[in-house]
Structure formats: structure tokens, C-alpha cells
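J.: I'd like to ask you about the structure that follows.
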Amino acid sequence: MKFTNPRVLLFILSVLSLSIPWTTAGTVSIDRFLQCLTKYPHPAHTIQGSIYTPQNSSFQSVLVAHINNRRYSTAATPKPLAIIAAKNESHVQATVLCAKHHGLQIKIRSGGHDFEGLSYTSDVPFVILDMFNINSIDVNVADESAWVHSGATLGEVYYAIAAKTNVYGFPAGICPTVGAGGHFSGGGYGFMMRKYGLSIDNIVDAKLVTANGRILDRKSMGEDLFWAIRGGGGASFGVILSWKLKLVPVPPKVTVFNLTRTIEEGVTDLVYKWQTVAPKLPKEVFLRAQPQVKNIDTKGNKTVGVSFIGHFLGTSDKVVALLNESFPELGLQRKNCYEVSWVESTVFWAESPIGTPIEILLSKPTEPETFYKGKSDYVKEPIPKHVFDSIWKKMIEIEHIWLDWNPYGGRMSEISESATPYPHRAGNLFFALYYSSWYDEGTEATNKYVRLTRELYDMMTPYVSKNPREAFQNYRDLDIGANQDNKTNFETATLYGRKYFKGNFDRLVRVKTMVDPHNFFKHKQSIPPL
């Protein structure tokens, strides 16, 4: 769509005829923005039910339904002037054009699993463009593909695929309430990445709305922009409407297991060996190590237990034999394994008991549950054994923390680091997530857990990637560099850009300059134009 419709042209002229009203305090008037929305051509009459302002009784519930981190749902958190829960492409175009003309920043939200709340908070006047209503999924088994709209959750994607086939799946994350829009545009890793790579490695087309309101697909956007949005973060370049996924073959039955060992049971030796074994296993095996603080007794004594969580694209007999040969210390037995369908394995990874109906994948939250802080690292050399003892000690001090250690190798080592903006490929043993979560209200508790998490991260400095210390863009971390909401400083952007994208940052900047030179789409860690 390129504004060939005369009604669209008339709308643009009417928008340009409106002045930008500011109060003496410098706050933009939301009234003219809302008036602008209703002027948009067909189907303008349907947008009224998609607009929520603080005067609407449903405003608060719509706002918090897609806030995942309670740190950003406090009374002090800046609130949007309006939420546009778009129901179609026209609503998205109208929101972009009207916000641009009236000096409002837009925050684009799909699932709301945003570690630093960048998709729904801002320090300047803003509106949220919420994509949760644009969530249709069209699975085409004949050509092994699926068109997925950005507001669909991963759980809905998995459920829709399973409704059509039991021999195809898609490599993506483990949390079913994550939105497809943000997950895919940031990379999208999961338990099949050693076999098939990331989500972005299996995406063949996309549609997005530019800052000029145009709708582009892969052909019309060109390969540079298509490259950029697959791992470079869509919110820097436009509003992703939908993605075309290339489905991947999976066996009718896969095997999953979860074995936990504690410090007292010799887990330090197990983890020390795991870090060199797991990346070299066959591609069909994904063996995560997940340390977590556990109670020893009712007197408050703590230990660390590490869950070795496995996924194998095959039968249990094969994976038991394989691991007993390469990692006999783990002691995996047939009784520890469950043979399930691929979609049932996604339920398992979402931490639901074996046998839970797959309809749980369709469940959605209504409000945030915990406060949390996340940080990420990439490990390229084996961590010395004594360091694990220090990690356990620090975890017990923090108490409310767990780590995810996800093995690389396999397909991840075969894809060039410049094939997509996501550069963390060959040379990594595993990827690490540090995740502290707590329920205590107030800044004192938040400051405590954020400080302790940073201390653990700092402690790991000698043992992780260097120059730059790499980080995962989907796990936003403002500690590594952050701009103001209303200004994207290039030098500051380089700080976080190099860590997220390494050498790909330069190409992302060139693409940004080409498609959004006036930097309409921006946030605290967006890609800057030149």
C-alpha cells in the first residue's frame, strides 16, 4: 500500500492542516491526536472502540494486562496519554501518522515481556500502540509456512501449528505469553536452536508500517530492511504487522526430562563438565542447566539446585544411550524421560506438569505478578570449577534468583554472525541469563535486588565475553547504556549497540538512516540514524 488511495491522500492533507497544540507547560494535547485518528479513511468508524484514555473505565486493566514487570506498574511509572489497541492495519497507520504529526512518541507493545518496560513507558508524552488484537495466525501445511501477526503469543502460535499438524513445529521461546512481534524481531531463541537456529533464521517474509505510514513486505522493503528487523529490533524501524514463518520438521514424539542435583549431591562437578559437553552434543539434543536457590530445611538454610532440562528430537531410548555415553555423570535413566508430542513439549518447557492440556498455551495474564531484573552474558571459555562455588554463594545471598545456561553449538555455530543482526554465533559455549524476581513492594526492595544482581554480573566479568562484553537484545538491560526517550545520542547508542550487535551495529545504523532518518521510532536503546 503506497497511498494510491485518494482518501488516504486527503487524510494526509487534513492531518497536515492541523496545528500542533502545546500547553504552556509543554505538554502536547491528546485531544488533537484523538481527533486525528477519527479522520483517518476507512475503516475510521471502527477505531473508537480501540482507543483507551485514562477517562475510560477499562484503561487501567488494558494497561496492566500487558505489563510483565511490576517494576513498571507502580504509581510513579509514567502512564500513556492513550492506548490504541489496534484491530487492523489501518489503525496502525493512523496511530503512526497522527502521533508523528502531533509530536507524540509511540511505544509498540505486543506481549509486554520487556525487561525494562521500554515498550510501554516513556519520559516524554507518549501513547501505546498495543498489538494484542492483531493476533491472527494462518498455518499452511502444504508449503510448510505460517503467517503470524505480531500480537499473537508464542503459546497461540504453537497451538495453531499443532491444530494443523503434528510433524511440524517452529523454533522459538519457552514462555507462552511472550508476544511474537518483539520475540521474533529480537532474535527468538529456544529449545530447538541447536537444530534449527533462532526464530529469525526461519523467517522468510514480514510486513511492517513505516514512519510514513506505508505498508511494506519483504519485496517492497528490500533486503537491507528485512535483514535489520530480524534481530535488530523492529521498534527502531517501524511497526511489524506480521511475520511469515518457515515451519521445521519434528518427529511425532520427542523426549523431555528434568533432573535436579544440589550442591550436596555434587552438582558443581556436573556443571563444570556440562559446559563443555552440552555444546558438542548432536544437534537434536538441547540440555539446559538452570541453577536456582532451594530450601534445605524448614529453618531457612539454603542450597543451590541445578536442573538439567533436556529436549531431544527423538525417542527416550536414544537420548538415554547418547547421554550415558557422553555425560554418564548425569545419570539419566529411562524413567526420567517423557515421550510427548512437540506441542506437549512446549507445555513442559512452560513449567506445566506432564499431561496438562495444551489449551493452557492460550492462557493470558491479567496483571504483572513479580518485580524483576534481568541481565545476560555469553560464555566462550570453560568457567573454572572454583568459580561455580562463588556463584552458588552469591546466589544464596541474593536468594530470589535463578540462572538459565543455554548451550550453543550445532546450527548456532554454522550461521554467519552477519547473516542477521544477531551476532552471537560460533565460539560460544553457552548463553547466560541472570534473573532476580521478588514480590516485596517499594524502592528499598527493588534497589536491593537490582544491586545484588549487578554484583553477581560484575563478579562474572573475567569469565565471559570481552571487547565487547556481549548481551542479548531481547533481554533489555539499561545498565549497559541508555539514551533519553526524546533523544538518541549516537555515542551512547554505540555503547549498547556494540554489545547487542557487535559489528552488525554499523549496518543497522545505515538501514535506520535510510528508512527513518528523522528518528520517529525511538526508545532508550533504539538504533540511531546518522
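J.: Using only the alpha-carbon atoms, how far is helix 30-39 inclined from the longest principal axis of the chain? Give it as 0 to 90 degrees, nearest 10.
T.: Here the helix axis deviates by roughly 80 degrees.
J.: Return one number: the angle in degrees, 0 to 90 and rounded to the nearest 10, between the long axis of the Cα atoms of helix 154-164 and the longest principal axis of the Cα atoms of the chain.
T.: Taking Cα atoms only, the helix is inclined about 80 degrees.
J.: Moving on. Would you calculate a helix-derived [θ] at 222 nm for the chain, using -39,500 (n - 2.57) for each DSSP H run of n ≥ 4 and dividing by the full residue count, to the nearest 500?
T.: That comes out to -9000 deg cm²/dmol.
J.: Over 23 Å between Cα atoms: which of Lys219/Lys502; Lys219/Lys246; Lys39/Lys522; Lys100/Lys375 fall into that group?
T.: As for pairs spanning more than 23 Å Cα to Cα, those are Lys219/Lys502; Lys39/Lys522; Lys100/Lys375.
J.: In the chain, what % of DSSP beta bridges are antiparallel (nearest 5)?
T.: Antiparallel bridges: around 90 percent, rounded to the nearest 5.
J.: Also, quick follow-up: Can you give me the long-range amide H partners of Phe430? Hydrogens built in the peptide plane at 1.01 Å from N, cutoff under 5 Å, separation of 5 or more residues or another chain.
T.: The answer is Val379, Tyr408.
J.: Now, a different point. For region 385-462, what class follows from the C-alpha gyration tensor (a ≥ b ≥ c being the square roots of its eigenvalues): rounded when a/c is under 1.5, otherwise prolate if a/b is larger than b/c, else oblate?
T.: Prolate shape, in that a/c is at least 1.5 and a/b is the bigger ratio.
J.: If you take the Cα atoms of region 348-481, find Rg, then find the Kirkwood Rh from the mean of 1/r over all pairs, what is Rg/Rh?
T.: 1.00
J.: Right, here's the next one. Which of the lysines could a cross-linker span from Lys385 if the Cα-Cα distance has to be under 16 Å and same-chain partners fewer than 8 positions apart are dropped?
T.: Within the straight-line limit of under 16 Å, Lys385 reaches these lysines: Lys273, Lys393, Lys394.
J.: Rounded to the nearest 5, what % of the DSSP beta bridges within region 56-203 are antiparallel ones?
T.: 35
J.: Using only the alpha-carbon atoms of region 198-316 as identical scatterers, what base-10 log of I(q)/I(0) does the Debye formula give at q = 0.17, 0.18 Å⁻¹?
T.: -0.88, -0.91
J.: Rule-of-thumb check for region 320-390: C-alpha Rg over 2.2 N^0.38 Å?
T.: Rg over 2.2 N^0.38 Å, computed on Cα atoms: 1.63.
J.: Considering the Cα positions of region 257-329, please state its Rg to one decimal place and its Dmax as a whole number of Å.
T.: 13.6, 43
J.: Under the rule that a partner needs its Cβ under 4.7 Å from the first Cβ, which Cys of the chain have none?
T.: When partners are defined as cysteine Cβ atoms under 4.7 Å apart, the chain leaves Cys175, Cys337 without one.
J.: OK, next. Between 0 and 90 degrees, rounded to the nearest ten: what's the tilt of helix 443-459 against the longest Cα principal axis of the chain?
T.: 60
J.: Roughly how many Å is it from the Cα centre of region 490-530 to that of region 442-489, as a whole number?
T.: Here the answer is 19 Å between Cα centres.
J.: Starting from the eigenvalues of the Cα gyration tensor, five times each then square-rooted, give me the equivalent ellipsoid semi-axes of the chain, largest first, whole Å.
T.: Three semi-axes, in Å: 40, 26, 22.
J.: Whole Å is fine, so just give me how far the alpha carbon centre of region 94-134 lies from that of region 238-316.
T.: 35
Throughout, read-outs are computed from the coordinates displayed, never taken from laboratory work. All values reported here derive from a predicted model rather than from experimental measurement. Cβ sites come from the backbone with ideal geometry, for glycine too, and all protein chains shown count toward neighbours.
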